[in-house]
Each structure stands twice: as structure tokens, then as C-alpha cells.
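Only one structure is covered here, and it is reproduced in the block below.
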Amino acid sequence: MGLSAAGMASGLDIAGMTQQLVAAERKPKADRIETQQKQVNVSLSAYGQVKSSVSAMQSMLEKFGKDEAFNGQKATSDNSDYLSIKATSTAKNGVYNINIQQMAQSHKLMSKELFSADPEASLGSGEMVIKVGDKSMTLNIGEDNDDLSSVVDAINNAEDNPGVTATLINTSEDGGSKIVFSTTETGKNNTIEIDTAAMTGKLTSLAYNANIPEAERQVEQMQAAQDAEIRIDNFTTVSSSTNTFEDVIEGVTLDLKKLTGTSGSSNPETDDIDVKSVKITIESDEKSTKDSLKSFVDSYNSLMSTIDKLTGFDADKDPDDPNRAGALNGDSLTRSVTTQMRNLLNEPIDINGKLYQMSDFGISMQRDGTLELEEDSDKLDDIISDNFAVIGQFFAQEDTGFLAKADTLLDGFTDKTDGSLTVKEDTLKERQKSLDDDMTDLNKRMVAYEDRTYKQFLAMDEAIGQMNNQLSSMMSLMLSFD
């Protein structure tokens with residue numbers, strides 16, 4: 001509220017006196033709330049750092065699992081222009097030579113008939129049945145959709161379209177257009193059949209199936225439906241409806257790009273190709289495992305560094321130094337993260353009846369709680385080479401591997417609903433809101449207190465004014481008796 005500078009009767013600084021009393025009343029209460037707010041904010045920030053570091057490590061471990069970081073297989077092609085290759089952890093080491101004998105193709109047909117593009121031109125009516133492989137659809141063509149554009153749209157937009165696309169090729173012949181049908185999927189089983197027996201008009205010419213004599217067909221085959229074929233080590237021939245072969249070699253995916261060459265086949269198209277086969281090699285990805293071990297150690301040490309900084313205590317610093325103790329010094333929840341992670345790192349894991357620990361793979365726990373990876377690169381290479389399959393199982397074994405156990409452990413801290421760090425953050429945020437409300441309430445009370453105090457001073461000033469007036473009257477009366 002606006003306060004006048006002084007009392008009219010007393011001459012006292014009523015506004016100043018009021019403000020001093022309000023400030024004196026407000027300060028201890030406001031200081032207490034602000035101190036608690038600062039403590040809550042510092043703790044909230046510190047827990048946020050811990051949770052962020054824990055989540056970062058958890059994300060890295062989850063990525064390790066998806067990428068098969070500790071048991072990956074490396075697959076290479078000596079000519080990726082012809083064939084590319086990918087391998088999963090189930091692939092076995094080996095070398096193969098691949099001949100690409102045939103590429104998968106979609107089925108393509110083109111009408112011999114020229115159709116008018118005039119939207120007013122009626123091409124016929126009735127039911128057209130289009131089949132691709134074992135799927136089919138029936139189109140009803142009538143007066144509202146019997147022009148060329150509408151027929152093509154009806155084919156392409158049909159909800160039960162079996163996997164065929166219709167397009168138009170405009171020719172210079174009398175301004176007409178030919179219809180091209182093509183399957184959306186490759187493979188010899190995805191052939192197109194068109195039945196127009198129930199139709200009238202020019203659309204009847206679109207009939208196509210293998211039983212119609214070629215001389216009588218009004219639809220030409222532009223490209224035959226065809227499977228891809230490869231020959232492995234010049235011995236085993238395998239086919240696929242697409243140009244991708246999955247698990248023909250266990251754990252391996254092959255993507256064909258183009259045909260390799262042939263020798264003495266009397267086919268110039270392939271005999272003239274210099275590349276006769278593509279060599280693929282599958283081997284253990286030991287470098288990736290080594291890099292993953294290093295990333296794991298670095299991530300763990302980063303987490304421990306964050307926790308040590310926030311929970312540490314430096315006795316050499318002055319007692320009044322605010323950085324003498326970390327924001328979470330003595331905090332049991334944060335210590336629990338450290339303790340449980342260390343216990344997990346020291347916990348052996350059973351692999352085929354034998355127990356293994358991190359130390360078996362060149363990772364050792366230091367006295368300060370950090371991890372150290374074998375510094376001698378050659379020694380580490382030998383450890384990985386000798387234990388490659390075991391390392392993969394140690395980390396990636398379903399349910400009982402380190403990655404699964406670590407994810408369960410860390411999720412207990414970071415889960416969005418009931419993770420202990422999440423719950424702690426939520427509690428602090430509620431406390432933060434409560435303190436903000438306390439400060440708002442204090443400000444409201446101080447406004448009322450200021451108003452009440454000011455009115456009391458005004459009443460006092462008025463009383464003093466009345467007393468002064470009475471005293472003045474008495475003095476005047478007494479002087480009149482002289």
C-alpha cells in the first residue's frame with residue numbers, strides 16, 4: 001500500500017517506522033524459506049546430475065545390447081557393387097564365393113490397345129478381376145468411372161489391391177495411351193492375371209493369363225516375374241523372391257546389386273562381365289569388442305566421477321568454504337548407486353557351467369572404485385581373441401548376462417514411475433512448490449501486517465494530535481487567568 005511520509009500531528013516518520021517493523025517481522029521468516037529453497041534447488045540439481053549420468057550409462061548398455069557390441073560378427077564383401085552383406089552375432093566365421101546368376105524382377109505387362117485419354121470416352125463396363133499370386137480384387141466399372149483416368153485410379157486406389165500398379169504410357173500413335181501393369185513385389189509367384197470376361201467395350205482387351213495363346217493376347221509381357229538366384233561356392237543354388245537373402249548362410253543377410261559374370265555360357269550379356277563371383281568373409285569383430293570394453297569402462301568411470309564430486313568432502317578446505325562438502329555428501333541414496341554397481345561388477349556370471357568375472361576380460365577394479373582396462377594393447381587383444389565367445393555371453397546372455405542385470409539395477413534408480421532417483425526428484429519438486437507457496441503466503445501476510453501496522457500508527461498519530469489540541473486549549477485557558 002502507499003504510505004505517507006510522516007504523521008500530520010506527531011511529525012513521526014510513520015511510513016518509515018512501518019516499513020522497518022515489516023522488514024524486521026519478515027526477514028527471519030523469509031531467510032528461513034529462502035535458505036530451504038536454496039538447499040532444495042541445490043539437491044534437486046545434484047540428483048538431476050546423478051540421474052542423468054546413470055541414465056547415460058543405461059542408454060549405452062542398452063545400445064550395446066542392440067548393436068551386439070560384445071559378440072558382433074564382421075562381414076565383408078570384396079565387391080559391394082555386386083553384393084553387400086550384413087551379419088548378426090549368430091553368424092559363424094567362414095569364407096564363401098557367391099555367383100549372382102539371376103536378379104529378382106517384378107512382373108510387367110503393357111496393353112497393345114491404345115486407349116483414348118478423353119474423359120468423355122467410355123472404355124466399357126462390367127467386372128474386371130485382377131489377380132497377383134494368390135490375391136485378387138474385383139473392380140466394378142460403370143458409367144461414373146469408365147474413362148481411362150478413372151479406370152487407372154480405380155485399380156491403384158482399391159482397398160483390396162493385391163499388389164499391382166497401373167500407369168499410362170502416352171504414345172504418338174493417334175494420341176492414345178497404353179496401360180502398363182506392374183507388381184509391387186518381385187518374385188516368380190507374383191504374376192499378374194487379368195480376367196475381363198464379364199466386361200464390355202475396349203477394356204475386354206486387357207485380359208491376360210498363361211492359358212491365352214500368345215498370338216491372341218492383346219497384352220504384352222514387358223518383364224517376366226522372376227526370383228533371384230545365387231550359387232554358393234559353385235555348388236549350392238538358392239533362390240529368393242527378392243534381391244535380399246536372409247539366413248541362407250546362418251546369421252547373414254545378402255543384398256544383391258547386379259549379376260556377376262559367366263564363362264562359356266554363350267550369353268554375351270554375362271560372359272563379358274569380368275567379375276565372375278563375389279568373395280564374402282565372416283569373422284569375429286574383435287575390434288568392436290575392444291572398443292566397447294573401453295567405452296564401458298569410460299562410461300562407468302564418468303558415473304563414479306560425478307558421484308564422487310557430489311558426495312565428496314575436502315577436509316583441507318576452510319570450514320566456511322561452500323565447496324568443502326559436495327551437495328550430496330553423506331546421502332545414502334547416492335551411495336547406494338555406487339555400492340550396488342560395485343557389487344554387480346564383482347558378481348560372477350555362469351557361462352556353460354563356469355563362473356567368469358570382469359577381471360577375466362582385462363577389466364579390474366581400482367582402490368578408488370574406478371575401473372581400469374588392460375593397458376597393454378597386445379595383451380588385451382589376446383584376451384579378447386581367446387575369450388571372444390565367452391565375452392559375448394558374459395555381457396549379452398539373456399536375463400543372466402551383465403547387460404540384463406545392469407539394466408534391471410539401473411532401472412531401479414531411473415524408472416519414470418518408481419525409480420528411487422525419480423521418486424527423490426519428485427519429492428524435492430513437491431517441497432520446492434511448497435516453499436514457493438510458503439513465500440507467497442508470507443508476502444500476503446506481510447501486506448496485511450503492513451496495512452495493520454500503518455493504521456495503528458495513524459491511530460496513534462491521531463491520538464497524539466488530540467492530546468496536543470487538548471493541551472493547547474488548557475494552556476490557553478490558564479494564560480487567560482493571568
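Taking Thr183 as the residue in question, decide whether it is among the polar types (S, T, N, Q), under 24 Å from Ser136 (Cα atoms), open to solvent by less than 20 Å² (accessible area, probe 1.4 Å) and within 40 Å of the chain's Cα centre (by Cα).
Considered against the rule, which asks whether it is among the polar types (S, T, N, Q), under 24 Å from Ser136 (Cα atoms), open to solvent by less than 20 Å² (accessible area, probe 1.4 Å) and within 40 Å of the chain's Cα centre (by Cα), Thr183 comes out as yes.
Do any helices (runs of 4 or more DSSP H) lying entirely in the stretch 314-419 carry at least 2 residues that are of a type in the set (S, T, N, Q), and which ones are they?
In the stretch 314-419, 332-345, 377-386, 402-414 are the helices (runs of 4 or more DSSP H) which contain 2 or more residues that are of a type in the set (S, T, N, Q).
Scanning the stretch 72-127 for residues that are closer than 30 Å to Ser150 by Cα and of a type in the set (D, E, K, R), which turns out surrounded by the fewest Cβ atoms within 10 Å (Cβ to Cβ)?
Glu120
Suppose the filter is over 30 Å from Phe245 (Cβ atoms), touching a Gly at 6+ places or on another chain (Cβ under 6 Å) and crowded, with 16+ Cβ neighbours inside 10 Å; does Ser205 pass it?
Here the answer is no, as Ser205 does not meet what is asked.
Residues of the stretch 240-261 being touching a residue at least 40 places away in the same chain (Cβ under 8 Å) and either among the small types (Gly, Ala, Ser) or over 23 Å from Ser106 (Cα atoms) (or both), which ones?
Passing the criteria: Ser240, Ser241, Ile249, Glu250, Gly251, Val252.
Out of the stretch 158-208, which residues are among the hydroxyl-bearing types (Ser, Thr, Tyr), touching a residue at least 40 places away in the same chain (Cβ under 8 Å) and part of a loop (DSSP other than H, G, I, E, B)? Talk me through it step by step, then tell me what you get.
Of all residues in the stretch 158-208, those among the hydroxyl-bearing types (Ser, Thr, Tyr) come to 165, 167, 171-172, 177, 182-184, 186, 191, 196, 200, 204-205, 208.
Right, trim to touching a residue at least 40 places away in the same chain (Cβ under 8 Å) and you get 171, 177, 182-184, 186, 191, 196, 200, 204-205, 208.
Correct list: Thr171, Thr184, Thr186, Thr191.
Pull out all pairs, ordered by first then second residue, where Cβ-Cβ is under 8 Å, the residues are six or more apart or on different chains, the first lies in the stretch 134-151 and is in contact (Cβ under 8 Å) with a residue 60 or more places away in the chain, and the second is part of a strand (DSSP E or B).
Taking only residues 6 or more apart or on different chains, the pairs are Ile141/Ser125; Ile141/Gly126; Ile141/Glu127; Ile141/Met128; Ile141/Met199.
Scan (1) over 30 Å from Ser89 (Cα atoms); (2) touching a residue at least 24 places away in the same chain (Cβ under 8 Å); (3) of a type in the set (Asp, Glu) for the single condition Asp381 breaks and write down its number.
Just one mismatch for Asp381, condition (1).
Would it be correct to say that Met358 is of a type outside the set (S, T, N, Q) and surrounded by 19 or more Cβ atoms within 10 Å (Cβ to Cβ)?
yes
Could you tell me whether Val40 is touching a Lys or Arg at 6+ places or on another chain (Cβ under 8 Å), in a helix (DSSP H, G or I) and among the hydrophobic types (A, V, I, L, M, F, W, C)?
So Val40 fits the description; yes.
Could you tell me whether any residue of the stretch 470-482 is of a type in the set (Phe, Trp, Tyr), touching a Phe, Trp or Tyr at 6+ places or on another chain (Cβ under 6 Å) and farther than 30 Å from Met17 by Cβ?
no
I'm checking my understanding of the structure. Among residues of the stretch 258-315 that are farther than 20 Å from Leu61 by Cα and basic (Lys, Arg), which one is least open to solvent (accessible area, probe 1.4 Å)?
Lys276
Scan the stretch 37-70 for residues that are over 23 Å from the mean Cα position of the chain (by Cα) and not charged (D, E, K, R) and report the count.
Of the residues in that region, 10 qualify.
For residues in the stretch 167-179 being open to solvent by 10 Å² or more (accessible area, probe 1.4 Å) and under 18 Å from Asp153 (Cα atoms), which is modelled with the lowest pLDDT?
For the stretch 167-179, the residue satisfying everything is Asn170.
Going through the stretch 442-455 one residue at a time, which ones are more than 14 Å from Gln19 (Cβ to Cβ) and open to solvent by 70 Å² or more (accessible area, probe 1.4 Å)?
If the condition is that a residue be more than 14 Å from Gln19 (Cβ to Cβ) and open to solvent by 70 Å² or more (accessible area, probe 1.4 Å), then Lys444, Arg445, Lys455 are the ones that fit.
Consider Lys66 against the criteria (1) open to solvent by 70 Å² or more (accessible area, probe 1.4 Å); (2) more than 30 Å from Glu398 (Cβ to Cβ): it satisfies all of them except one. Which criterion is unmet?
The number of the failed condition is (2).
The values are calculated or read from the model by the stated rules, or taken from the named source; none is laboratory data. For clarity, every value in this text was computed on a predicted model and none was experimentally measured. Ideal geometry is used to build each Cβ from the backbone, glycine not excepted, and the neighbour counts take in all protein chains shown. The area values use the complete protein model at the heavy-atom level, side chains included, leaving out ligands, DNA and RNA. Shrake-Rupley method; radii C 1.70, N 1.55, O 1.52, S 1.80 Å.
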